[in-house]
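J.: Handing you a structure now.
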Amino acid sequence: MKTIKSIDIIQPDDWHTHFREGDLLNLISKFSARVNNRCLVMPNLNTPITTSKLAKKYLKDIKNSLQNSRLSILIPCYLTNNLDLVDFEKSLIDNVFIGAKLYPSNVTTNSSFGISNIEEIFPALEILQKTNKHLLIHGEKIRENIDIFDREKYFIDEELSIIRRKFPDLKIVLEHVSSKYGADFVSQNKNIAGTITPQHMLLTKKDVFFDDQINPHHYCMPIVKDEKDLIALRNYACSGNNKFFLGTDSAPHDIIDKPPNLKSKPGIFSAPCSIELYTEIFDQENSLENLESFSSINGPNFYNLPVNKSKIRLINQKWTLEECSQSQNIKVKNFYGGNELNWKVVNLNK
Ligand code: DOR
Ligand code: ZN
């Protein structure tokens with residue numbers, strides 16, 4: 001590590017995060033607003049965001065939770081096999097939706113409305129390609145005999161490669177890339193980029209699975225994998241490769257939904273310290289000069305949106321993050337809560 005004392009970067013955006021709804025939304029949205037200019041907020045609510053009406057209502061709820069913040073919110077449409085395609089196309093053209101999110105059915109939180117046969121969404125993908133809007137993918141395939149650690153590879157081989165061939169001009173984001181195999185696929189194919197979370201560059205499966213229980217606060221989908229995967233993801237992120245950018249997948253759950261076993265809901269809540277963790281990772285890799293392109297340039301470029309004008313400052317100073325974030329009825333474990341962090345955001349010139 002070099003001993004750089006502070007770094008200024010263009011204000012980041014988070015291209016993949018979860019804001020939830022109700023009390024949880026009101027508790028957590030401020031953590032993302034503290035550093036980001038834009039957040040791309042996932043549509044996997046209890047009632048998935050599948051129509052313009054639901055998207056507009058959700059946007060209002062988010063704005064109410066944020067009070068005076070200037071954070072911009074982008075929402076993708078949750079793809080189902082019975083979308084109203086007229087509403088879908090109009091919402092893309094009107095920028096109500098930034099694109100659409102493919103959840104294979106039952107791969108993660110609130111994905112039971114997702115897709116079990118990708119051919120069912122070909123008409124929607126046709127519309128995305130035609131309108132030059134993006135397809136965001138949770139890239140995991142579930143089937144008996146597919147190991148939890150191989151789900152990304154199977155999805156790529158059996159589903160994504162078909163989508164890639166059939167819709168060559170469609171812009172795809174492979175969300176939370178979790179394996180070397182996935183990251184190599186992104187780097188070697190056209191019109192595809194990937195978001196990388198902090199946890200996939202900090203944890204391996206040894207941090208999740210113990211003899212007879214799991215650490216539920218390190219449990220997310222896609223599951224974190226091996227050392228070789230962690231290293232590959234660090235290399236792609238820190239090398240300045242413009243196909244990779246920031247998407248935290250910060251995904252809060254109340255601690256009552258996080259027992260130390262596989263009944264735990266998957267999701268890691270990193271919003272209170274995600275830019276600090278990314279900075280630490282780039283510092284460890286002696287690549288702080290590439291942090292800004294990952295956090296603030298590659299994302300908007302891939303989404304055909306302007307790069308932010310404002311800057312933020314991070315200083316090399318130790319601080320300890322609170323163990324949990326809580327309000328009256330809810331308590332969420334913060335990723336790295338109770339731990340010392342080496343970088344701190346000090347100055348937000350919005
Ligand atoms: O771990 C995860 N949690 N992965 C996802 O894809 C969804 C998220 C959630 O919504 O809880
Ligand atoms: Zn997610």
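The values are calculated or read from the model by the stated rules, or taken from the named source; none is laboratory data. Note that the coordinates shown come from a computational prediction; the quantities given were computed from them, not determined experimentally. Backbone-built Cβ (ideal geometry, glycine too); neighbour counts: all protein chains shown. Areas reflect the complete protein model, heavy atoms only, side chains present, ligands, DNA and RNA absent. Shrake-Rupley method; radii C 1.70, N 1.55, O 1.52, S 1.80 Å.
J.: With +1 on the Cβ of every Lys and Arg and -1 on the Cβ of every Asp and Glu, and nothing else charged, how large is the dipole of the chain about its Cα centre, in debye rounded to the nearest 20?
T.: 1060
J.: For the pair ASN339 and LYS130, how long in nm is the line joining their label points, each one 7 Å along Cα→Cβ?
T.: 4.8
J.: Along the charge dipole of region 129-175, Cβ charges K/R +1 and D/E -1, which of GLN129, PHE149, LEU174 sits furthest on the positive end?
T.: GLN129
J.: OK, next. Defining a contact as two alpha carbons under 8 Å apart and six or more residues distant in sequence, what relative contact order in percent does the chain show?
T.: Contact order relative to length: 19 percent.
J.: Another question, then. Quick one: which residues, 5+ away or cross-chain, put their amide H under 5 Å from the amide H of ILE115? H built at 1.01 Å from N.
T.: Sorted by chain and number, the residues that satisfy this are TYR103, SER105.
J.: Turning to a different aspect of this structure: In a shell of Cβ-Cβ distance under 9 Å around GLY182, excluding GLY182 itself, what net charge do Lys and Arg (+1) and Asp and Glu (-1) give?
T.: Around GLY182, the surrounding residues sum to -1.
J.: May I pose another question? Among 278-287, 116-125, what's the highest-first ranking by average C-beta atoms within 10 angstrom per residue? Write down the numbers at each step before the final one.
T.: Details: 278-287: 19.7, 116-125: 15.3.
Sorting 278-287, 116-125 by mean packing, highest first, produces 278-287, 116-125.
J.: How many percent of the accessible area of region 110-161 is carbon or sulfur, using a 1.4 Å probe? Don't skip to the end; give the middle numbers.
T.: Working: 1000 of 2360 Å².
Exposed carbon and sulfur together represent 42 percent of the surface.
J.: Could you let me know the centre-to-centre spacing of region 113-177 and region 1-72, using Cα atoms, in angstrom?
T.: After rounding, the separation between the Cα centres reads 24 Å.
J.: Please give the calculated 222 nm ellipticity per residue for the chain, where each DSSP H segment of at least 4 residues contributes -39500 (n - 2.57) and the sum is spread over every residue; nearest 500 deg cm²/dmol? Working shown, then result.
T.: Values: 11 runs with 98 residues, N = 350.
After summing the helix terms and dividing by residue count, I get -8000 deg cm²/dmol.
J.: Can you tell me the accessible area per residue over the chain, all protein chains present, probe 1.4 angstrom, in square angstrom? Let's see the in-between values first.
T.: Details: 14830 Å² over 350 residues.
The answer is 42 Å² per residue.
J.: What residue among TYR78, ILE115, VAL41 has its Cα farthest toward the positive end of the dipole of region 1-129, where the charges are +1 on Lys, Arg and -1 on Asp, Glu, each on the Cβ?
T.: Farthest towards the positive pole: VAL41.
J.: How much of the accessible area of region 291-350, in percent, comes from carbon and sulfur atoms when a 1.4 Å probe is used? Present the calculation step by step, with values, prior to reporting the outcome.
T.: Numbers: 1330 of 3130 Å².
Here carbon and sulfur together make up 43 percent of the probe-accessible area.
J.: How much net charge surrounds ILE192 when only the other residues with a Cβ under 10 Å from the Cβ of ILE192 are counted, with Lys and Arg +1 and Asp and Glu -1?
T.: Details: positive: ARG164, LYS171, LYS190, LYS243; negative: none.
That sum, taken over residues with Cβ under 10 Å, equals +4.
J.: Please compute the net charge surrounding SER295, taking Lys and Arg as +1 and Asp and Glu as -1 over other residues with Cβ under 11 Å from its Cβ.
T.: Counting the neighbours of SER295, the net charge comes to -3.
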